[in-house]
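Student: First the structure, then my questions, so here it is.
The values are calculated or read from the model by the stated rules, or taken from the named source; none is laboratory data. Since the structure is predicted, the reported quantities are computational estimates derived from the model, not experimental observations. Positions of Cβ are backbone-derived with ideal geometry, glycine not excepted, and every protein chain shown enters the neighbour counts. The accessibility values were calculated without ligands, DNA or RNA, using every heavy atom of the protein model including side chains. Shrake-Rupley method; radii C 1.70, N 1.55, O 1.52, S 1.80 Å.
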Number of protein chains: 2
Amino acid sequence: MAGKTKEMVESWSFLDTAESNFRPLVVIELAKGTKEETIEWFTKRIVDKKANGGAQLLIKPLVTENGVENIYLVGASHLRLLLGAETVGLVKECSDNSMRTFTYSSRKTFKHFADDNHNFLTMAECQYIIKHELENLRAKDEKMIPGYPQAKLYPGKSIDDIRCYFGETIALYFGFLEYFTFALIPMAVIGIPYYMFAWEDYDKYVMFATFNLLWSTVILEVWKRICAILTYRWGTLLMKRQFEEPRPGFHGVLGINPVTGREEPVYSSIKRQLRIYLVSLPFVCLCLYFSLYVMMIYFDLEQWALDYHKENESNFSSLMLYVPSIIYAVVIEIMNRIYRYAAEFLTSWENHRLESSYQNHLILKVLVFNFLNCFASLFYIAFVLFDMKLLRQSLATLLITSQILNQFAESLLPYWLQKRYNRRMKKRMCSKKTDTDLSLAEQVNMEKEMGTYLGTFDDYLELFLQFGYVSLFSCVYPLAAVFAVLNNITEIYSDALKMCRVYKRPFAEPTANIGVWQLAFETMSVISVVTNCILIGMSPEVDALFPDSKMDLVLTVALVEHLLLAIKFIMAFVIPDKPRDIQMKLAKLEFESLEALKQQQMQLAAESLKE
Amino acid sequence: MAGKTKEMVESWSFLDTAESNFRPLVVIELAKGTKEETIEWFTKRIVDKKANGGAQLLIKPLVTENGVENIYLVGASHLRLLLGAETVGLVKECSDNSMRTFTYSSRKTFKHFADDNHNFLTMAECQYIIKHELENLRAKDEKMIPGYPQAKLYPGKSIDDIRCYFGETIALYFGFLEYFTFALIPMAVIGIPYYMFAWEDYDKYVMFATFNLLWSTVILEVWKRICAILTYRWGTLLMKRQFEEPRPGFHGVLGINPVTGREEPVYSSIKRQLRIYLVSLPFVCLCLYFSLYVMMIYFDLEQWALDYHKENESNFSSLMLYVPSIIYAVVIEIMNRIYRYAAEFLTSWENHRLESSYQNHLILKVLVFNFLNCFASLFYIAFVLFDMKLLRQSLATLLITSQILNQFAESLLPYWLQKRYNRRMKKRMCSKKTDTDLSLAEQVNMEKEMGTYLGTFDDYLELFLQFGYVSLFSCVYPLAAVFAVLNNITEIYSDALKMCRVYKRPFAEPTANIGVWQLAFETMSVISVVTNCILIGMSPEVDALFPDSKMDLVLTVALVEHLLLAIKFIMAFVIPDKPRDIQMKLAKLEFESLEALKQQQMQLAAESLKE
């Protein structure tokens, strides 16, 4: 068996003219019991010429001291990568600073291009190209085992560095996190004096809330512009999206797809609708009911703690006042996580054909539950119990507890587990070397046991809920922004740690914006206008301004709320989504391509008329 | 001079192999004093080969009994039109019922194509192609006098017929008008019993208003789908938009356009902003103030009429009650029209570079003023005077008077003037023939004095204001929908009359949707949720339901309003903008073009690797 593999290695080597040039880009692990013939067939498919239906990539088995394992390193020649870049439609910067779709024939016009410059394509781009080629193989026979990438670890420095290493989706998440943290700073700075000087006048709260509402609209609009600047420079703003293939988990009876005309699994839309409305929807409603039930238990606990404090006034009893909120915050986190798995299972069972449709249904399910689970108790305290003191205390406890739990569960715990595992592994390998000079084989072996990063979903969700805590009741607890800023500064580091040290390096995925999360944040900011207006209207100070008629108070609040909402929508409409210079560059590009088309057609017309 | 022209006619004839085939498509009238050399040069440019920078069209002077006038008929050979269709990117139906961009080389695959079928392109498409070619000539030397089309008159039968004759913009207006009228019928049908049985219970009004609000959301969403169906069939949904050239009226000092790199007039954006904010904005505010001032005079008149009626109760005095409203309605119409001219002048003076930017600024100016001018008095009566009886009376008078005035001023008056002019013309020409057998020369001469149709702006505006009358106060006056339906049925005929008989035939303009009007109608439907909720809350019947606390009443109304708004937004989000089959067809098209691209690139890659 070892002999056979050696022979194969030799037969591949002719493809790679300079063996030293082989840069492993993706690591593929085949299932343990994979048959010899399958391996041979599979590796042949990978190295085979395009014309023969292969991927024309390079592949090498990973040789460790235990001999050849079922682990393969996949790479590609520089030329192959450049042609692949054209196939996936990468957009790169030209020598004249404009962004253009890369083609092999026009390669000389691109900035930093040289035939011997192997850094022209970023590592993330190379991996995306290889993943695309491997998936195209899979689309033909559906037998390939999905690969996972080899992670070369270093902490992120700037968004552009992150983008080169992890690709655009993750870079955009870090960009958003960083931007959002900076954008919260003004709110935090204005919030601090409220705590320090115990400002409790209504006009100061009104000012803070108004600032908060307009500010949250502005930051969301400005983010769109920053996002356009970033993705223009990265080329993804201009990149044509690929045709969406069915997601890997999709199954059904074989039929003809009406769009592509190919024979592929087909699943009736009516069955899916039935599953959604008869199973998923009732399940979600049940979960929401359960969440509300837990909330009522929390209020019982709260009452009990209050009674206990009244009976035996002591330091211990006043500490006890915080216990129900902390327990509730922990329960909320646990429920969110369990529900997340249930939602994933259900959405997967709904059998959506496209990944985008799967994602939309999953996000909708999770968002609705998380929103209710996290904020229902606060809404109840604010608008049913009218207890501003409890609201402030509960908000603070929920916010801080959830932040601590999240940081712990998402990064520190997995990091510690990973560290322990690594130490054990190293001991087993009897290697006394430090991290940095691990051989490739040792590193691959160490990293293959790492968890898989499941995408930016949970990270965005965390920011979304944080945005809710900060903006929904901002006029009651201005300090929330301060905690959010502090959390986000550590979050940047713990997320970097998580992605570099805890999980296998995820495949790069080009993207032009943060997608549905933009809409989610905007919806939250609309809801926060309503809640803040009501809270201000309910404050005793505002109440005192209308001593004669509560009617006038309510009417005034309603009027102000409608005005604020109108201003929000007008602002969102007036602020352009792309900065002027990006608009100009896009217009220039459009003009050039239309001009080229026109020239071509005029030539054609002239020739046809001549005939 | 006549000899020279004859010679020119002869020299052109070789282009048109069969003289009988010459179909005049566009009529160009040159300015009276145009020099002989200019005419010669200009006609040469039109017939010259593409390769020499000409338009390669056919042109013939119009010969009447008065000899050769400065009027020219422009046509094109069938082949030329087909190549032009490719240049402008027309999308036509293939034999397999899919829509594809027309190319000359693939012409045989298109439905109804035959080399001798000269009806393959609709007349509107032919005119659009010729206009495009003539404008491309202009773009080079800016000397051409814009042409106007020759109108062959017949009343529209179906939207598809209208589209073939007038092009997509006007067809879509008629489509919207027809759809909107049908969509109003349920509201009108439900509204009638309110008048007949004098239903004044609050629950019936609430039901009507709720139905109205949801219905108006549904009809606007469904219109988007119908619009997609229509424009998919017409090919404009798929048509790539052309690069926008500067509008004809734009002027400035010569400079380099940063987008196109061409030398063309450049006008500083700061100057334009100054003109907008320092002149236009104050002017609009002044007009708004004046409009409110006129409104207060109307209320004085109203009061006077009421006093008069109280003093001398008679039939005459009760008729007098309606006079102030009628006068006010007439004044509103006059003010709207005067303001329209002022807004056009100002927007033109702001010197926008692109037609789209000019249109947006004009529409914004006109919409704001028209909205306030028409509805301010109604808002004042409803929410300041709280006089529901006066509101109903005023609404009815305004609606009916404005409809009558509009129909008269827009179609009947110009039609009558035109008719009188035509009769005089015919008498002068001593021709006793009927309309149908006028010679081409006579018809051109008759039609060249017709007014120019200024686009669908005024027609949409009229529908927009009508939608306001129907929906803003629907729970007070359910009969408004009935009048709207009646008006729109006659409007369809009077608009057809206007476009066919009163104005010169406008150039066809491809379009994929009704543009900014969709947004305007949606905004109006959001505002109407607010007004209707307040009106219902103010009704004595609802008031009686909350005898103890006016607070509860206001809170309930606010809650219902927010719920309705939320439902509206969710509905707008959930209802897909394109029907499923159109989505499938678009996906299929996208798949095919991406697949073709991929094939091409894979071939290229294989070839490059072979080298």
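Student: 7 Å along Cα→Cβ for the label point: how many nanometres lie between A:Ile297 and each equivalent label in the other copies, listed shortest first?
Tutor: 7.3
Student: Rounded to the nearest 10 degrees, what's the angle between the helix A:78-88 long axis and the longest principal axis of chain A, both from Cα atoms, 0 to 90?
Tutor: With both axes taken from Cα atoms, the answer is about 50 degrees.
Student: Also: Would you mind working out the magnitude of the charge dipole of the range A:487-569 relative to its Cα centre, with +1 at each Lys and Arg C-beta and -1 at each Asp and Glu C-beta, to the nearest 20 Debye?
Tutor: 680 debye
Student: What figure, in Å² to the nearest 10, do you get for the accessible area of B:Phe290 with a 1.4 Å probe and non-protein molecules left out?
Tutor: We get 120 Å² for B:Phe290.
Student: If you don't mind, there's one more thing I want to ask. If I model the range A:348-392 as equal point scatterers sitting on the Cα atoms and use the Debye formula, what is log10 I(q)/I(0) at q = 0.18, 0.19, 0.22 Å⁻¹?
Tutor: Cα-only, vacuum Debye calculation for the range A:348-392: -0.60, -0.63, -0.72.
Student: Sticking with this structure for a sec: Using the C-alpha gyration tensor of chain B, what are the square roots of 5 times its eigenvalues, in whole angstrom, with the largest one first? Display every interim value, and only then the final one.
Tutor: Details: eigenvalues 498, 206, 116 Å².
Equivalent ellipsoid semi-axes, largest first: 50, 32, 24 Å.
Student: Enumerate the calculated ³J(HN,Hα) couplings along the range A:182-191 in order (Karplus 6.51 cos²θ - 1.76 cosθ + 1.60, θ = phi - 60°), each rounded to whole Hz, writing x wherever the residue is Gly or Pro.
Tutor: 4, 5, 6, 4, x, 5, 5, 4, 5, x
Student: B:Gly54 label points, 7 Å along Cα→Cβ, one per copy: pairwise distances from this copy to the rest in nm, shortest first?
Tutor: Those label-point separations list as 5.9 nm.
Student: Just round it to a whole percent: the fraction of Cα-Cα distances in the range A:230-297 exceeding 21 Å.
Tutor: Summing the P(r) tail past 21 Å for the range A:230-297 gives 59 percent.
Student: Quick check: pseudo-label points 7 Å beyond the Cα along Cα→Cβ at B:Lys588 and B:Leu412, how many nm apart are they?
Tutor: 5.0 nm
Student: Output, in nm with one decimal and in ascending order, the distances from the A:Gly33 label point to the matching label points of the other copies (7 Å from Cα along Cα-to-Cβ).
Tutor: Shortest to longest, the spacings are 9.9 nm.
Student: Moving on to the next point. How many lysine pairs does the range B:541-602 hold where the Cα atoms are under 29 Å apart and the two sit 8 or more places apart or on different chains?
Tutor: On the way: B:Lys550/B:Lys568; B:Lys568/B:Lys578; B:Lys568/B:Lys585; B:Lys578/B:Lys588; B:Lys578/B:Lys598; B:Lys585/B:Lys598; B:Lys588/B:Lys598.
Number of lysine pairs found: 7.
Student: In whole Hz, what ³J(HN,Hα) sequence does the range A:496-509 give by Karplus (6.51, -1.76, 1.60; θ = phi - 60°), x for Gly and Pro?
Tutor: Those phi angles translate into 4, 4, 4, 6, 8, 10, 9, 10, 4, 5, x, 5, 6, 9 Hz.
Student: Same structure again: Quick one: helix A:388-407 against the long Cα principal axis of chain A, what's the angle to the nearest 10°, folded into 0 to 90?
Tutor: 20 degrees
Student: With axes computed from alpha carbons, what is the tilt in degrees of helix A:516-538 against the longest principal axis of chain A, rounded to the nearest 10 within 0 to 90?
Tutor: 0 degrees
Student: Can you work out ³J(HN,Hα) from phi for every residue in the range A:348-365, in order, using Karplus 6.51 cos²θ - 1.76 cosθ + 1.60 and θ = phi - 60°, giving whole Hz and x for Gly and Pro?
Tutor: Using θ = phi - 60°, the values come out as 5, 5, 5, 6, 6, 6, 9, 4, 5, 5, 4, 4, 4, 5, 5, 4, 4, 4 Hz.
Student: I want to make sure I understand the PRE zone here: with the label point 7 angstrom from the Cα of B:Tyr104 toward its beta carbon, which residues in the range B:35-61 have backbone N atoms less than 17 Å away?
Tutor: B:47-58
Student: Another question, then. Search the structure for amide H atoms under 5 Å from the amide H of B:Gly255, placed 1.01 Å from N in the peptide plane, and list their residues when 5 or more places away or on another chain.
Tutor: Close amide H contacts, sequence-distant or interchain: B:Glu264, B:Val266.
Student: Put +1 on the Cβ of every Lys and Arg and -1 on every Asp and Glu Cβ in the protein assembly as shown; which of B:Pro579, A:Val542, A:Val323 then has its Cα farthest towards the positive end of the dipole?
Tutor: Result: B:Pro579.
Student: What is the set of long-range amide H partners of B:Ile59 at a cut-off below 5 Å, with H atoms built 1.01 Å from backbone N?
Tutor: B:Gly75
Student: Something else: How long is the protein assembly as shown along each principal axis, judged by its Cα atoms, biggest number first, in Å?
Tutor: 115, 89, 58
Student: Taking amide H positions as placed 1.01 Å from N in the peptide plane, with prolines and chain starts having none, which residues 5 or more places from B:Phe102, or on another chain, fall under 5 Å of its amide H?
Tutor: B:Leu90, B:Val91, B:Lys92
Student: So how do A:Ile229, A:Ile159, B:Ile46 rank on accessible area, 1.4 Å probe, biggest first, that is with the largest at the start?
Tutor: If we order A:Ile229, A:Ile159, B:Ile46 from most to least accessible, we get A:Ile229, A:Ile159, B:Ile46.
Student: Spin-label point model (7 Å from Cα, Cβ direction): what's the B:Phe573 to B:Lys427 distance in nm?
Tutor: It is 6.8 nm.
Student: Given a 1.4 Å probe and no ligands, DNA or RNA in the count, how much accessible surface is buried by B and A, both sides, to the nearest 100 Å²?
Tutor: About 4100 Å² of accessible surface is lost on pairing.
Student: When the gyration tensor of the range B:492-583 is built from Cα positions, what are the square roots of 5 times its three eigenvalues, in whole Å, from largest to smallest?
Tutor: So the three semi-axes of the range B:492-583 are 42, 21, 9 Å.
Student: Points 7 angstrom from Cα along the Cβ direction at B:Ser318 and A:Ser357: gap in nanometres?
Tutor: If labels sit at B:Ser318 and A:Ser357, their model points lie 6.4 nm apart.
Student: Could you calculate the FRET efficiency of A:Ile492 with A:Leu214 from 1/(1 + (r/R0)^6), where r is the beta carbon distance between them and R0 is 22 Å, rounded to 0.05?
Tutor: For A:Ile492 and A:Leu214, the calculated efficiency is 0.25.
Student: A further question follows. Compute the Rg to Rh ratio over the range B:315-370 from the alpha carbon atoms, using the Kirkwood formula for Rh, and round to two decimal places. Kindly include the intermediate steps, with their values, before the conclusion.
Tutor: Working: Rg = 17.1 Å, Rh = 13.2 Å.
Radius of gyration relative to Kirkwood radius: 1.29.
Student: Next up: Which one of B:Gln418, B:Gly75, B:Phe375 has its Cα pushed farthest toward the positive end of the charge dipole of the protein assembly as shown, where Lys and Arg give +1 and Asp and Glu give -1 at the Cβ?
Tutor: Going by the Cα projections, it comes out as B:Gly75.
Student: Taking 45 Å as R0, compute the FRET efficiency from the Cβ-Cβ separation of B:Asp548 and A:Trp349 and round it to 0.05.
Tutor: 0.30
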